[in-house]
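Coordinate-derived values only; no laboratory data. Bear in mind the structure is a predicted one, so any value in this text is a computation, not a measurement. Ideal geometry is used to build each Cβ from the backbone, glycine not excepted, and the neighbour counts take in all protein chains shown.
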Amino acid sequence: MQIGTAAKASGVSAKMIRHYEAIGLIQSGARQTNGYRDYESRDVHELRFIRSARDLGFSLDEIRTLLDLWRNKGRSSRDVHQLASRHLSDIERKIVELQAMAATLRELLHACKGDSRPDCPILDGIGR
């Protein structure tokens, strides 16, 4: 199948497929005699895997590692578990940071009357 069909089947845009090929995340589709890339169902499956991993917030480097582990049928699930566990810890840390940011902003918004006066507790709070 051509790149447009592979993109539609995988949910990954043609532009991203080309990018993933350029950075070596996936192999380029085999070239047909007319110069078009030819993708197989295995390629679409890998692209879906990448899209799912991206949806979970994994970085491209982490996805590269996950793909290597996924392709290696002799892998240890321990390696996958450790990578996913680290990623979850990162997500949970970011959630705590975002909650703290939201609480601070909520306090600043509560302190600001939002009227026509020039004094602004939000700007004062940010300027500390």
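Computed values, structure above
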{"item": "Label-point separation in nm, Ser13 to Arg42, each point 7 Å along Cα→Cβ", "result": "2.9 nm"}
{"item": "Share of pairwise Cα separations in the chain, more than 25 Å, in percent", "result": "50 percent"}
{"item": "log₁₀ of I(q)/I(0) at q = 0.18, 0.22 Å⁻¹ - region 84-128, Debye sum with one point per alpha carbon", "result": "-0.61, -0.74"}
{"item": "Kyte-Doolittle mean at least -0.5 and Cα axial length at least 15 Å: DSSP H helices in the chain", "result": "60-71, 77-111"}
{"item": "Part-to-part distance (alpha-carbon centres) for region 4-23 and region 98-121, which is given in Å", "result": "43 Å"}
{"item": "Computed Rg/Rh of region 1-75, alpha carbon atoms with Kirkwood Rh", "result": "0.97"}
{"item": "Packing-based order for 111-124, 24-37, using average beta carbon neighbours within 10 Å, highest first", "result": "24-37, 111-124"}
{"item": "Contour minus Cα-Cα distance for Asp79 and Thr104 (0.36 nm per residue)", "result": "5.2 nm"}
